[in-house]
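Each remark here refers to the structure printed beneath this line.
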Amino acid sequence: MKFGVLGPYLIQPDRKHGIRAAKHRSLLAVLTVNANSFVTVRRLTEELWLDAPPGSADNLVRQYVSAIRRELRDESLATLPGGYRLDLRDGDLDRDDFDRHLARARREIAEDRLESGSAELTAALSLWRGDPLGDVEQGPSITAEARRLVERRLSAIEQRIDVDLRRNRYGRALDEMAALVTLHPEREGLRARQMRALSATGRRADALAAFREGRAALVDGIGIEPGPELQRLHRQILSGDLPVESRPTTGPSQRAGPAQLPPDLPDLIARDEELAAIVGYLTTTGATAPVVVVSGKVGVGKSALVTHAGHVLRDRFPDGQLFLPLTGRTPADALRDALRALGSLAASAKISLRELREAYGRELRDRRVLVIADDATAESDVRALVPPGARSALLVTSRSVLPGIEGARHVPCLPLTEANAVSMLSGIIGEQRAAADPAGVLSLVTRLGRLPLAMRIAGSRLLVHPGRSVRLLSERLRRYNSLDELAYGGLAIRPRLAESMRQLTEAEQRVFRRAGVLSSFDVATAAQLAGLTVEQGAHAVDRLLELHLVDPADDGLATIERYATDLLARQYARERLAADDPRWTV
């Protein structure tokens, strides 16, 4: 049986039902942190109920122990006169493994074997899974042990930083300290290490800024000035008395950066103009990070385009490429994903969105990183991810234009032309098969709205049915539910349209359901069908245009704007009308 306290309380193997009751887990956790030591019943009652134990506390403790013993199914929980003891062997408790790695690290470092010492410290820290015993009710023993373990972990991190600095590995040490000084501003020794490392790598201004930040955190947080060591170090840096490391260092780029780009698509068709706009803008120099927003309707190929652009730009951003899917994610989720990929400890810290944003800024400050934010729904999603300075860049996809992003370049991603759509589908199913039925190919790409995703799905279905003609698939899409047919291998159109629908208000959804099934409509018709005023209808139609759920329908009448859905969106509107407005007929 293995027990873990370096994170949420862990018992392995956990039986089918396991020890789930809160009091049972708390009692066993108290015995675990006092492993191989006698714990009295009286102390257990104090741990479980603090100053207000019930009259039957002693009897309840005995019942809890009996239930725990049944789950453990071994002899490790011993009953002694007046109390209990949990008997654990070497290797049964992760805390003991942590201590053994630390002891070996101290020996290696004392013998000046820094590489193996660093490896032992890394092994020790890898055992941590989160806040120690954070899911257990906090009695006195648990609270004290959790604090002690946090302190030991921080001490181990500081030891590894010291080893990195002795080995001139300033990049990793500075990365780690940037997050730690924010999480633990009271640790002046850590702030001093950061200032020394910054000064040693020639970043004197940053070292002085680190002192100012540390002083402000101490004064504002706990009302004290920095101690003598930090004050003395500050004076040395001001006067230039600290030596600068003579060997060149590259800061964060000393370690491999994240490489999160999805595989590039070999059959990306006719996006040269959009690609040139993206690459041209993201490689311009300026005072702020360049931001490009690629917008377009569901399935038009936005993600494929920015992925290809990312591969083209890899050499321009040598410190890494982040790919952050935003569907169903908050800005805080995205920032934690980015910080985790950048190796920042702030990713797992319980800090605010503002503090996450600050940590993200510190991580990117000296890096050249391309950040791709896929499927943003609001300007707030994007603003949280704009890198600081001008070294990194942000590339965004969205169904909306997101016009409120300051300084962004907007690149529309439109459906393919008829010729390019035919070329793409022919490339998927084979030129010979496409040439055998050119009218069927043209009919199919038209029905699919010349959307690359829809054509990729349809092409895949044709590949697994080599005897099926292109014309037959086009006819199936016409006669049956197109959206049922357009799903294959994890790709589908319907869920993406549903995600767009969720971004609409109820009034906007009514307009989409009731007017979207028509071949075309104007604002007055949409408003009447949805039970809205003309002004309300106009706002709703504008929102549908913004999300590319409807398109302008040019009928040659300059004084009346008309709109229409493409065939796939129209099919989805028909589905939602039947489900949500069953009394309506088309």
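Among the DSSP beta bridges whose two residues both lie in the chain, what percent are antiparallel, rounded to the nearest 5?
Of all bridge pairs located within the chain, approximately 40 percent are antiparallel.
Give the whole-number value, in cubic angstrom per residue, of the convex hull volume spanned by the C-alpha atoms of segment 314-369.
Spelled out: Cα convex hull of segment 314-369, divided by residues, is 73 Å³.
With just the Cα atoms of the chain, tell me how far they stretch along each of the three principal axes, in Å, largest first.
88, 69, 53
Which order do you get for 461, 104 if you rank them by accessible area with a 1.4 Å probe, largest at the top?
The ranking, largest first, comes out as 104, 461.
Once you keep just the Cα pairs under 8 angstrom separated by 6 or more residues, what percentage relative contact order results for segment 421-488?
Computed value for segment 421-488: 36 percent relative contact order.
Quick check on segment 342-461: what does the Kirkwood estimate of hydrodynamic radius come out to from the alpha carbon pairs, in Å?
Evaluated on segment 342-461, it is 17.7 Å.
Out of residues 5 or more away from residue 409 or on other chains, whose amide H comes under 5 Å of its own, with H placed 1.01 Å from N in the peptide plane?
Counting only residues 5 or more places away or on other chains, the set is 291, 292, 293.
Given a 1.4 Å probe and every protein chain left where it sits, what share in percent of the accessible area of segment 96-152 is carbon and sulfur?
The C+S portion of the solvent-accessible surface of segment 96-152 is 50 percent.
Hey, what's segment 326-425 come to in accessible area per residue, 1.4 Å probe, Å²?
Normalised by residue count, the accessible surface of segment 326-425 is 38 Å².
Quick one: with all protein chains in place, what share of the accessible area of segment 1-89 is carbon or sulfur, to the nearest percent (1.4 Å probe)?
Looking at segment 1-89 in its full context, I get 50 percent from C and S.
State log₁₀ I(q)/I(0) for segment 31-82 at q = 0.13, 0.16, 0.17 Å⁻¹ as given by the Debye formula over alpha-carbon point scatterers of equal weight, solvent excluded.
Debye intensities relative to I(0), on a log10 scale: -0.32, -0.48, -0.54.
Could you work out the helix-only [θ] at 222 nm for the chain, with each DSSP H run of four or more residues adding -39,500 (n - 2.57) and the total divided by the number of residues, to the nearest 500 deg cm²/dmol?
-16500 deg cm²/dmol
Compute the relative contact order of segment 91-144 as a whole-number percentage, counting only Cα pairs closer than 8 Å that sit 6 or more residues apart in sequence.
Answer for segment 91-144 is 30 percent.
Taking amide H atoms as placed 1.01 Å from N in the peptide plane, list the residues 5 or more away in sequence, or in a different chain, whose amide H sits under 5 Å from that of residue 88.
36
What number does segment 1-94 give for Rg over Rh if you use C-alpha atoms and the Kirkwood radius?
Taking Rg over the Kirkwood Rh, I get 0.94.
Ordering 278, 109 by how much accessible area each has at a 1.4 Å probe, largest first, what is the list?
So the residues, ranked largest to smallest area, are 109, 278.
May I ask for the angle, rounded to the nearest 10°, between helix 470-479 and the longest principal axis of the chain, with both axes built from Cα atoms and the value confined to 0 to 90°?
90
Please turn the phi angles of segment 520-532 into ³J(HN,Hα) values with the Karplus equation 6.51 cos²θ - 1.76 cosθ + 1.60 (θ = phi - 60°), one per residue in order, whole Hz, x for glycine and proline.
6, 7, 10, 4, 4, 5, 4, 5, 4, 5, 8, x, 10
Computed over the Cα atoms of segment 453-507, what is the convex hull's projected area averaged over all directions, in nm²?
Seen from a random direction, the Cα hull of segment 453-507 projects 4.6 nm² on average.
The values are calculated or read from the model by the stated rules, or taken from the named source; none is laboratory data. Note that the structure is a prediction, hence the values are computed from the model and not measured. We work out accessible area using only protein heavy atoms, side chains counted, and drop any ligands, DNA or RNA first. Shrake-Rupley method; radii C 1.70, N 1.55, O 1.52, S 1.80 Å.
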